[in-house]
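The values are calculated or read from the model by the stated rules, or taken from the named source; none is laboratory data. This structure is a prediction, so every number in the text was calculated from the model and none was measured. All Cβ positions, glycine included, derive from the backbone under ideal geometry; neighbour counts span all protein chains shown. Heads up: the accessible areas ignore ligands, DNA and RNA and are worked out on the full protein's heavy atoms, side chains in. Shrake-Rupley method; radii C 1.70, N 1.55, O 1.52, S 1.80 Å.
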Amino acid sequence: AKQVDAEKDLYPSEKYVKNQGQIGSCNAYAAKGALERTRHFVGLPHTDLSAEHLYMRICGGRDQGRMLDVGMAEIMRGGIPPMKPSHYQKYRERDFRPEDNRAAVRFKDEECYAVDTEVELAEGIVSGFIAVVAVHATNSYMRMDSTEVIARSLGRGNHAEGCHDVDIIDGELKFRKFGSWGLNVWNGGCGFITWKNHLIEPNKYHQFYLIRGASDDTQDNVPELN
């Protein structure tokens, strides 16, 4: 399994662990976090992206959540614009401006694949991909042990998160995940989950996916007019 490397340690969770607030936008927050981390690892500058704008598009302006594959398709097609303070916890089309739509296409996933097994997930992360997965968050999901492994919590899946690393702890693959409930849960919003205790059931109902490529901010390459 891939070990946590110095480059990853230099990228603090404060940059990619956000708080989705009171709307059901975890799908978009996981996608946003995955794309931000991907941009970092391919050498692009950090940009705080608007999960709310992505959520507005994938949920049709209604706070009702959507399946992971819908978010996967939309982040490849339409991208995510930079975050503005006015976006937070918004999800209706009228809450955004036309320039947000134009800016979104500057920040897209360029390499995205479906993943269906524990081995595919581990191999993808070892190969440099960031994953978006579904978990079933119960009360026990909020607890972690001394090795930062989250307590067993299984079900059909009611929450989306990102996974950015994999390690072997006590002879078992553990996937390092980041949430969207702020920095005060788990360890800076992060912890380890496993296939058998967290992912095997949600994977039957939700399409997990991996991303590795990110489009450059093309606006930076537009020459000035004199």
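When region 41-72 is filtered for residues that are at pLDDT below 95, out of contact with any strand residue (DSSP E or B) (no Cβ under 9 Å at 6 or more places or on another chain) and under 17 Å from VAL17 (Cβ atoms), only HIS46 remains.
Looking only at region 58-82, residues that are part of a helix (DSSP H, G or I) and open to solvent by less than 60 Å² (accessible area, probe 1.4 Å) come to 9 in all. Residue-level analysis places ALA151 outside the set of residues that are among the hydrophobic types (A, V, I, L, M, F, W, C) and either modelled with pLDDT under 95 or under 18 Å from the mean Cα position of the chain (by Cα) (or both). A residue that is closer than 19 Å to GLN20 by Cα and at pLDDT 95 or above occurs somewhere in region 117-132. Among the strands (runs of 3 or more DSSP E) confined to region 128-226, the ones with at least 1 residues that are aromatic (Phe, Trp, Tyr) and open to solvent by 10 Å² or more (accessible area, probe 1.4 Å) are located at 190-193. Consider ALA114 carefully, then state whether it is touching a residue at least 24 places away in the same chain (Cβ under 8 Å) and either open to solvent by 40 Å² or more (accessible area, probe 1.4 Å) or in contact with a Pro (Cβ under 9 Å, 6 or more places away or on another chain) (or both). Criteria met by ALA114.
Taking the stated definitions as given, is ASN101 surrounded by 14 or more Cβ atoms within 10 Å (Cβ to Cβ) and of a type outside the set (A, V, I, L, M)? Yes; evaluated as a whole, the condition is true for this residue.
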